[in-house]
1. Do we have Gln182 as in a helix (DSSP H, G or I) and either modelled with pLDDT of 95 or more or touching a helix residue (DSSP H, G or I) at 6+ places or on another chain (Cβ under 7 Å) (or both) here?
2. Here's a check for you: in the range 139-171, which residue that is within 8 Å of ligand 1 (Cβ to nearest atom) and assigned to a helix (DSSP H, G or I) is farthest from Gln203 (Cα to Cα)?
3. Specify which of the listed residues (Lys136, Lys205) is in contact with a Ser or Thr (Cβ under 6 Å, 6 or more places away or on another chain) and of a type outside the set (Asp, Glu).
4. Considering only the range 52-72, I want to know if a residue exists there that is in contact with a His (Cβ under 8 Å, 6 or more places away or on another chain), under 22 Å from Glu188 (Cα atoms) and within 8 Å of ligand 1 (Cβ to nearest atom).
5. Name the helices (runs of 4 or more DSSP H) wholly within the range 9-122 that hold at least 3 residues that are at pLDDT 95 or above and either within 16 Å of ligand 2 (Cβ to nearest atom) or closer than 23 Å to Thr171 by Cα (or both)?
6. Of all residues in the range 158-194 being of a type in the set (Val, Ile, Thr) and touching a strand residue (DSSP E or B) at 6+ places or on another chain (Cβ under 8 Å), which is surrounded by the most Cβ atoms within 10 Å (Cβ to Cβ)?
7. Mind checking which pairs have a first residue in the range 196-217 that is within 10 Å of Asn116 (Cα to Cα) and a second that is in a helix (DSSP H, G or I) and of a type in the set (Phe, Trp, Tyr), Cβ under 7 Å, 6 or more apart or different chains?
8. In this structure, does Glu118 turn out to be more than 10 Å from ligand 1 (Cβ to nearest atom), under 15 Å from the mean Cα position of the chain (by Cα) and among the acidic types (Asp, Glu)?
Amino acid sequence: MLNKHNLVFLGPPGAGKGTIAQLLARDSGLVHISTGDIFRNEIGSGTELGKKARGYVDSGGLVPDDLVSEMVGARLSRPDCTPGFILDGFPRTLNQAGLLKPALCRIGKKLDCVVNFEAPYDLLVKRLTARIICSKCVTNYNRLFSPPQKDGVCDLCQGALYSRPDDSLDTAIDRLRVYKEQTEPLIEYYRDEGILVSVDGSQSKEITYPMVLEVLR
Ligand code: AP5
Ligand code: MG
């Protein structure tokens, strides 16, 4: 179905990386690796990694590069990544992009495509502050754009829906600033590598998802 299997989803908070990655993983069998989801899970379980990451995640700052890179390297070397993967939220700094290369080399892989999701600032803020997530299966909903059928309950698994603490207006704005300063330079970096494709992430997911499939064929 797809010609490109080793993927990075890039773009600001709220651009739809996680939403589209969930659909793509469901339909393609590629493994969805969201560093944000991994950190939230570790924090929720009270692990050592979760304790180290908590302050950064809660405040909207970035977890140190060595910590996140080591975690991603270990995740990528698991056998379920053999058919391919979607890295969602990693890399997020030029240094992380540099660390990803040897990690992929060690498992005999290289990136096929970096999909860059673009959306205007006001829409990002609107989406983030209205996002709700299933506490059991991590499916994404939105109070404004894609509400669940029953208030507060996941359509798929009946889990309880919650708002991420870092989706408060102030922290969302901080995350967008951190993105601009530390992550946006990756657009140029991957454009220079010749593997960047930008898609319009401001449309509904019913429009954006087929566009993403098209660029991966
Ligand atoms: P992370 O979880 O990666 O958060 P983020 O980058 O801020 O991205 P979001 O999840 O907010 O945005 P998204 O693009 O996935 O949007 P979504 O699809 O949900 O990271 C959280 C924290 O972990 C970081 O702040 C940091 O502390 C730490 N961290 C993670 N990775 C790290 C790294 N590599 N290095 C260091 N630290 C790291 O969509 C948002 C909303 O909009 C949803 O409600 C959705 O339903 C709706 N929506 C999405 N697309 C559409 C659409 N097309 N139409 C209508 N509504 C839509
Ligand atoms: Mg996400």
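The values are calculated or read from the model by the stated rules, or taken from the named source; none is laboratory data. The model shown is predicted, which means the values in this text are computed figures rather than measured ones. Glycine gets a Cβ as well: all are built from the backbone with ideal geometry, and neighbour counts include every protein chain shown.
1. When the stated conditions are applied, Gln182 passes them.
2. For the range 139-171, the residue satisfying everything is Asp166.
3. Numbers: Lys136 fails: in contact with a Ser or Thr (Cβ under 6 Å, 6 or more places away or on another chain).
Matching residue, one of Lys136, Lys205: Lys205.
4. Among the residues of the range 52-72, not one is in contact with a His (Cβ under 8 Å, 6 or more places away or on another chain), under 22 Å from Glu188 (Cα atoms) and within 8 Å of ligand 1 (Cβ to nearest atom), which makes the answer no.
5. Those helices (runs of 4 or more DSSP H) span 17-28, 35-45, 48-59, 65-76.
6. Let us first name the residues in the range 158-194 that are of a type in the set (Val, Ile, Thr), namely 171, 173, 178, 183, 187.
Checking which are touching a strand residue (DSSP E or B) at 6+ places or on another chain (Cβ under 8 Å) leaves us with 183, 187.
Numbers: Thr183: 22, Ile187: 16.
Of everything passing the filter in the range 158-194, Thr183 is surrounded by the most Cβ atoms within 10 Å (Cβ to Cβ).
7. Between residues of the range 196-217 that are within 10 Å of Asn116 (Cα to Cα) and residues that are in a helix (DSSP H, G or I) and of a type in the set (Phe, Trp, Tyr), the close pairs are Leu196/Tyr190.
8. yes
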